[in-house]
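A.B. asks: One structure coming up, written as structure tokens, with questions to follow.
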There are 2 protein chains.
Amino acid sequence: MVKVNENYLKFPGSYLFSTIAKKVNAYMIENPDKKVIRLGIGDVTMPLSSAIVEALHGAVDEMGAAETFHGYAPDLGYGFLRETIAREDYSSRGCQIEADEIFVSDGAKSDCGNIQEIFDESSIIAVCDPVYPVYVDSNVMAGRTGTYDEVTGKWSKVVYMPCTAENGFVPELPTEAADLIYLCVPNNPTGTTLTRDQLKVWVDYANETGAVILYDAAYEAYIAEDNIPHSIYEIEGAKTCAIEFRSFSKNAGFTGVRLGFTVVPKELVRGGVALHALWARRHGTKFNGAPYIIQKAGEAVYSEAGKAQLKEQVAYYMRNAKVIYDGLKEIGCEVYGGVNAPYIWLKVPKGMTSWEFFDLLLEEASVVGTPGSGFGPSGEGYFRLTAFGTYENTKEAMERLKKMPSLRK
Amino acid sequence: MVKVNENYLKFPGSYLFSTIAKKVNAYMIENPDKKVIRLGIGDVTMPLSSAIVEALHGAVDEMGAAETFHGYAPDLGYGFLRETIAREDYSSRGCQIEADEIFVSDGAKSDCGNIQEIFDESSIIAVCDPVYPVYVDSNVMAGRTGTYDEVTGKWSKVVYMPCTAENGFVPELPTEAADLIYLCVPNNPTGTTLTRDQLKVWVDYANETGAVILYDAAYEAYIAEDNIPHSIYEIEGAKTCAIEFRSFSKNAGFTGVRLGFTVVPKELVRGGVALHALWARRHGTKFNGAPYIIQKAGEAVYSEAGKAQLKEQVAYYMRNAKVIYDGLKEIGCEVYGGVNAPYIWLKVPKGMTSWEFFDLLLEEASVVGTPGSGFGPSGEGYFRLTAFGTYENTKEAMERLKKMPSLRK
């Protein structure tokens, strides 16, 4: 009799986004006349820009003709895309990342979830708290996290690094041993960032202890301030301690197109083994390359037209972020994020839990957000709103919030 | 100091297809005037059919307009595709598979590689020998295979089921305990199949012992004979013991488009746990859905126009298979496969190894094939040719083989 992977059975019963979906559906059935505005999930709403649509059509035509048809893609990505990324995302910022250190994939979620496979089962992971759930969940499945405590909301073998208003959302170096350190900057869900100096502390720590930083930079396109690095490789020493994940989902609206990449520098070696070779082997064995037409769309993201159009898209969403940020301030909320990230993180009114605030917002304003506690125990008392709605809906949502009896000053 | 996953270090140094590439490159440099014909790798050469090109263009246009834009896809696949698959691939053959038992993915390679994650680390795997390398390699990475013996070419903890001319390429039930049984039918690389009665033996065995059959049916579109099942669910009892993998790569030319699906019946339970729930959790955590435009292309595979065009594509490749099969017979080779599969499996001349035959074919005919020993120890003495080239090249390759001094009768 085959045995199942019992680590899967350790997950608590309810998932954040399915609980939200159930509550929203119940509300809509009870209130069929109300227009619900969703500022909960981080999915984009603007259509693909014309430069990308054009590239897709062109690549589809190539696939329809024998002379230009493309079969299996190179496992690690087409040279045309890897070289473009190396030049546009790295050389241009003074980072020396070679094209063959870049692994093209179907998205940062897959890579963030899969990367743990190349490390030993005994590795101790450290995560910011609150955080994007995939980092912990993928390690739960691999058996690295111990047991779950329903009361504290913590796994016994995970090092949690609280990021709250009290420490300015800057995680402190772990006092316990940590082998794999997940950092998401700009952060999902808090929308906060680390400066070059703050990030340097982590790079030095990892190089000293032999830990590896798993750096999720999926939101780097939203960085507006000068002292915030777009890549961890802007920090001296990062090439010997960090793997970086990037996504086309949020800078180019590719949530439904699926493209991302991961950088594993060749200098990153642990126990005498180059992690580059392990990830290449993993990628080559369990993945078959991103579709040709999608990689061509990725290339168009860096064309002159593409860059101009996507700058406008990011600006559109960041105008929403400002509407939300300013609106919440006006009501008198404590607000964070929203300046270098499409996420706005607010403190819920005193005496309420994140879920109670969720219910209140839905009841009184028909607005959907995400309870902070869903991202980790230190998210309790916070709430996430996203800037990815339409401008009109975002404005209307804020008007509704301002009129909520329970939020009136 | 983080430790790497040391299972990766157990792999033998050279990979089959990279060794082939090196040899072919060296030959081409030495013989710049010779036209090399590649019948080695299983990649298609015909362009996408017009029904699929049309569907792709239509979906790209949808993605370019706000009203029809699609963001994140449902993790497990769009309903329109899952329902089409359930109807066209299963109901139509009398198999009761529901749409929500079908998980859409970026290809059968990923799913075949990832499926082992939902099973316990102690599981013993059984594979046909020779076989598609991903089954074993993904289990090597997960630490299930013991150590590799360079002399026998075997992993110490893997159950090998020889499939050779001696047993008609029908694997025998394992005498040792086996928890996860990989079956690829029609088989890659041998091109041979199992009849309904032969497959029933395996379904009964798995149900009796509690093993799970991982059934790779990537080549089902090439089945021509009536007594060969297209799906394992045509066999009574399969829903309580089998997971089936399907691909659009070979029936629709999607090697560079990337789409596949996996069926996990809800009745498939081990140790009181429904495997459907585990795979859903794995899929939802480590994958973010196949691109919308690619899923629309998948739907077009089942349209009336799509079906007619793809029937022609399969017929084109199967004409190649016949050219190869008949040509080899004419030379006096022992030949297998090629009737219900795009792969032709031949016995190399007495006294030669698979690699020696590879070198001979390249030297004397500038034709590239794949040495059988690359697929497992029982592949030694055999050789694989594929039907995925152009008709002209395939015909020319066979003319060259017929003129080879060493093969002349």
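What follows draws every value from the coordinates through simple rules; no lab data is involved. Source: prediction; values computed, not measured. Neighbour counts run over all protein chains shown; Cβ positions are idealised from the backbone, glycine included.
A.B. asks: Consider A:Ala206 carefully, then state whether it is surrounded by fewer than 17 Cβ atoms within 10 Å (Cβ to Cβ) and assigned to a helix (DSSP H, G or I). Break it down stepwise before answering.
C.D. replies: Numbers: surrounded by fewer than 17 Cβ atoms within 10 Å (Cβ to Cβ): no; assigned to a helix (DSSP H, G or I): yes.
When the stated conditions are applied, A:Ala206 does not pass them.
A.B. asks: Regarding A:Asp197, is this residue closer than 22 Å to A:Phe169 by Cα, more than 12 Å from chain B (Cβ to nearest Cβ) and surrounded by 24 or more Cβ atoms within 10 Å (Cβ to Cβ)? Working first, answer last.
C.D. replies: Working: closer than 22 Å to A:Phe169 by Cα: yes; more than 12 Å from chain B (Cβ to nearest Cβ): yes; surrounded by 24 or more Cβ atoms within 10 Å (Cβ to Cβ): no.
It is false that A:Asp197 is closer than 22 Å to A:Phe169 by Cα, more than 12 Å from chain B (Cβ to nearest Cβ) and surrounded by 24 or more Cβ atoms within 10 Å (Cβ to Cβ).
A.B. asks: Can you tell me which of A:Glu117, A:Glu98 is among the charged types (D, E, K, R) and more than 9 Å from chain B (Cβ to nearest Cβ)? Give the steps one after another, and end with the answer.
C.D. replies: Numbers: A:Glu117 fails: more than 9 Å from chain B (Cβ to nearest Cβ).
Only one candidate qualifies: A:Glu98.
A.B. asks: Say whether the condition of being part of a helix (DSSP H, G or I), within 30 Å of B:Tyr343 (Cβ to Cβ) and not aliphatic (A, V, I, L, M) is met by at least one residue in the stretch B:60-70. It would help to see each step written out before you state the result.
C.D. replies: The initial filter retains those residues of the stretch B:60-70 that are part of a helix (DSSP H, G or I), namely B:60-63, B:66-68.
Within this subset, residues satisfying the condition of being within 30 Å of B:Tyr343 (Cβ to Cβ) are none.
Within the stretch B:60-70, none of the residues are part of a helix (DSSP H, G or I), within 30 Å of B:Tyr343 (Cβ to Cβ) and not aliphatic (A, V, I, L, M).
A.B. asks: Follow-up. Within the stretch A:11-37, take every residue that is within 11 Å of chain B (Cβ to nearest Cβ) and closer than 17 Å to A:Glu150 by Cβ and give me the one that is surrounded by the fewest Cβ atoms within 10 Å (Cβ to Cβ). Before you say what the answer is, go through the steps one by one.
C.D. replies: Within the stretch A:11-37, the first condition is being within 11 Å of chain B (Cβ to nearest Cβ), and the residues that meet it are A:11, A:15, A:17-18.
If we keep only those that are closer than 17 Å to A:Glu150 by Cβ too, we end up with A:11, A:15.
Numbers: A:Phe11: 14, A:Tyr15: 16.
Once the filter is applied, the top-ranked residue is A:Phe11.
A.B. asks: Next up: Filter the stretch B:283-292 for residues that are within 7 Å of chain A (Cβ to nearest Cβ) and part of a helix (DSSP H, G or I); which is nearest to the chain's Cα centre (by Cα)?
C.D. replies: Top of the filtered list is B:Lys286.
A.B. asks: Can I ask one more? Can you report the number of residues in the stretch A:42-92 which are facing chain B (nearest Cβ under 9 Å), farther than 13 Å from A:Gln295 by Cα and among the hydroxyl-bearing types (Ser, Thr, Tyr)?
C.D. replies: The total comes to 4.
A.B. asks: Criterion first (within 7 Å of chain B (Cβ to nearest Cβ), of a type in the set (Ser, Thr, Tyr), closer than 25 Å to B:Tyr72 by Cα and free of Cβ contacts under 8 Å to residues at least 40 places away in the same chain) does A:Ser110 satisfy it? If you could, list the steps in order and put the result at the bottom.
C.D. replies: On the way: within 7 Å of chain B (Cβ to nearest Cβ): yes; of a type in the set (Ser, Thr, Tyr): yes; closer than 25 Å to B:Tyr72 by Cα: yes; free of Cβ contacts under 8 Å to residues at least 40 places away in the same chain: no.
Answer is no for this residue.
A.B. asks: Out of (1) buried (at least 18 other Cβ atoms within 10 Å of the Cβ); (2) over 21 Å from B:Lys250 (Cβ atoms); (3) small (Gly, Ala, Ser), what's the single condition that is false for B:Ser91?
C.D. replies: (1)
A.B. asks: Moving to a separate point now. If we keep just the residues of the stretch B:355-372 that are of a type outside the set (Asp, Glu) and surrounded by fewer than 21 Cβ atoms within 10 Å (Cβ to Cβ), which is nearest to B:Glu396 (Cα to Cα)? Lay out the reasoning, then the answer.
C.D. replies: If we filter the stretch B:355-372 for residues that are of a type outside the set (Asp, Glu), which is where we start, we get B:355, B:357-358, B:360-362, B:365-372.
Right, trim to surrounded by fewer than 21 Cβ atoms within 10 Å (Cβ to Cβ) and you get B:355, B:360, B:366.
Details: B:Trp355: 22, B:Leu360: 17, B:Ser366: 11 Å.
My answer is B:Ser366.
A.B. asks: Can you pull out the residues in the stretch A:262-307 that are under 24 Å from A:Ser231 (Cα atoms), β-branched (Val, Ile, Thr) and crowded, with 18+ Cβ neighbours inside 10 Å?
C.D. replies: Answer for the stretch A:262-307, where residues must be under 24 Å from A:Ser231 (Cα atoms), β-branched (Val, Ile, Thr) and crowded, with 18+ Cβ neighbours inside 10 Å: A:Thr262, A:Val263, A:Val264, A:Ile294, A:Val301.
A.B. asks: Another question, if that's okay. Taking the stretch B:313-372, which residues are among the hydrophobic types (A, V, I, L, M, F, W, C), closer than 27 Å to B:Asn25 by Cα, in contact (Cβ under 8 Å) with a residue 24 or more places away in the chain and in a helix (DSSP H, G or I)?
C.D. replies: Of everything in the stretch B:313-372, those that are among the hydrophobic types (A, V, I, L, M, F, W, C), closer than 27 Å to B:Asn25 by Cα, in contact (Cβ under 8 Å) with a residue 24 or more places away in the chain and in a helix (DSSP H, G or I) turn out to be B:Ala321, B:Val323, B:Ile324, B:Leu328, B:Phe357, B:Phe358, B:Leu360, B:Leu361, B:Leu362, B:Ala365.
A.B. asks: I'm told B:Glu244 meets every condition in (1) out of contact with any His (no Cβ under 9 Å at 6 or more places or on another chain); (2) over 23 Å from B:Thr386 (Cα atoms); (3) within 14 Å of chain A (Cβ to nearest Cβ); (4) surrounded by 20 or more Cβ atoms within 10 Å (Cβ to Cβ) except one. Can you identify the failing condition by its number?
C.D. replies: (3)
A.B. asks: Related question: Which numbered condition in (1) surrounded by 19 or more Cβ atoms within 10 Å (Cβ to Cβ); (2) under 21 Å from A:Glu67 (Cβ atoms) is the only one that B:Ile41 fails?
C.D. replies: (1)
A.B. asks: Look through the stretch B:134-187, keep the residues that are without any contact (Cβ under 8 Å) to a residue 24 or more places away in the chain and more than 22 Å from the chain's Cα centre (by Cα), and return whichever of them is surrounded by the most Cβ atoms within 10 Å (Cβ to Cβ).
C.D. replies: Looking at residues that are without any contact (Cβ under 8 Å) to a residue 24 or more places away in the chain and more than 22 Å from the chain's Cα centre (by Cα), I get B:Gly146.
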